[in-house]
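For reference, the structure is listed below as structure tokens.
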Amino acid sequence: MSVLDRARTTAATTPPTRTAPPRAPRVGGLGVLLALVATVVWSGSFVATRDMADSVPPVQAVFWRWVIALLAVAPFAARTAWRQRALIRRHLGFLTLASLFGVTLYNTLVHQAGLTTSASTMGMIMAASPVLMAGYARLGGEKLGPRRTFGLLLAAFGVLLLVGHGSLGLDFTAGDLWMFGAALSFATYSALLRRKPEEIEGPVFLLTTFVLGALMLAPAYGISLAVQGGFEPDAGTVGPLLYVGVFSSAVAFFAWNKAVSLIGAARAGVVYYLQPVCVALLGHLLLGERTGPTELLCMALILGGVTLGARR
């Protein structure tokens, strides 16, 4: 056998060298971080909403919030949205439904609740939405696992104690009921995100839902102007509107949507349990709302539930 033949034989019988597959990105940690960013930013929006509740009618506040948000997103998404206009038309039904629950209803209910409910209570009640998210996820076939389920229950128990001021007897106001409606709307929006068409890019999805949400709010905005009159644009109204428009809408919604796509609505919802803790601290520092030993104990339960539920 010649040298050339031996070389060919060796090449044919020697298995190819296998290179190690590239390490998968740690999407779980990134998803939890993004959910945390959205939660902290949204916590500030409850304080801003409560702060301008007496000066800006709820529907007008929500309408300008989304106008500001779409102006903030448009420079980054308008060109791509034009290229994907055929996709937008194809999925217009889904986009309209997501806009209804995530943009129009959710934020209108939050601002309406701010008229009669403290920022801390708003954050506490909104912490019930992860339980609803987990319910949607379970109906969709997602397995929660015993540790995440226990974390949800532990955090939910802490929320109930917070709302009941240290007991399980609940005494809801009208604002509390508006907030429960907001929690259901947000949980529905988060569940819908799992069905978002992958070919529609994140900024395009945001811009489209913001536009559709503002259009659905426009008739109610016109009625509010006619009945209640407008508001005076000053530092006490423009500042909070810029915060909820740019940060709580554009930045936080982008972070939340990305987190749900990475780790699912149920796991992201567990991180969302941190919101009442953040809102209570901000409400105490900025609005002078009381945070006593009972609230601190309940926050510890919520944090414990988050720690258990957010880990795989």
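Looking at segment 216-236, which of the residues that are among the aliphatic types (A, V, I, L, M) and open to solvent by less than 80 Å² (accessible area, probe 1.4 Å) is nearest to residue 96 (Cα to Cα)? Checked segment 216-236; the qualifying residue nearest to residue 96 (Cα to Cα) is 216. The residues on offer are 286, 308, and the sole one that is surrounded by fewer than 20 Cβ atoms within 10 Å (Cβ to Cβ), modelled with pLDDT under 75 and over 18 Å from residue 114 (Cα atoms) is 308. Within segment 207-222, being in contact (Cβ under 8 Å) with a residue 60 or more places away in the chain and farther than 16 Å from residue 45 by Cβ holds for 207, 208, 209, 211, 212, 214, 216, 217, 218, 220, 221. Looking across 138, 148, one residue alone is outside any loop (DSSP other than H, G, I, E, B), at pLDDT below 80, open to solvent by less than 40 Å² (accessible area, probe 1.4 Å) and among the basic types (Lys, Arg). It is 148.
For segment 110-123, a tally of residues being more than 10 Å from residue 50 (Cβ to Cβ) and surrounded by fewer than 23 Cβ atoms within 10 Å (Cβ to Cβ) returns 1. Does segment 232-244 contain any residue that is closer than 15 Å to residue 48 by Cα, aromatic (Phe, Trp, Tyr) and modelled with pLDDT of 70 or more? Yes: one or more hits. If only residues of segment 36-57 that are more than 20 Å from the chain's Cα centre (by Cα) and open to solvent by less than 30 Å² (accessible area, probe 1.4 Å) are counted, the one that is nearest to residue 220 (Cα to Cα) is 57. Within segment 169-215, the set of residues being open to solvent by 60 Å² or more (accessible area, probe 1.4 Å) and under 16 Å from the mean Cα position of the chain (by Cα) comprises 180, 184, 194, 195. So is residue 261 under 21 Å from residue 36 (Cβ atoms), open to solvent by 30 Å² or more (accessible area, probe 1.4 Å), in contact with a Gly (Cβ under 9 Å, 6 or more places away or on another chain) and assigned to a helix (DSSP H, G or I) or not? In short, yes.
The values are calculated or read from the model by the stated rules, or taken from the named source; none is laboratory data. The shown structure was predicted, so the numbers you read here are calculated from the model rather than taken from an experiment. All Cβ positions, even for glycine, are placed from backbone atoms using ideal geometry, and neighbour counts span all protein chains on display. Note: accessible area is taken over every heavy atom of the protein model, side chains too, but ligands, DNA and RNA are not part of it. Shrake-Rupley method; radii C 1.70, N 1.55, O 1.52, S 1.80 Å.
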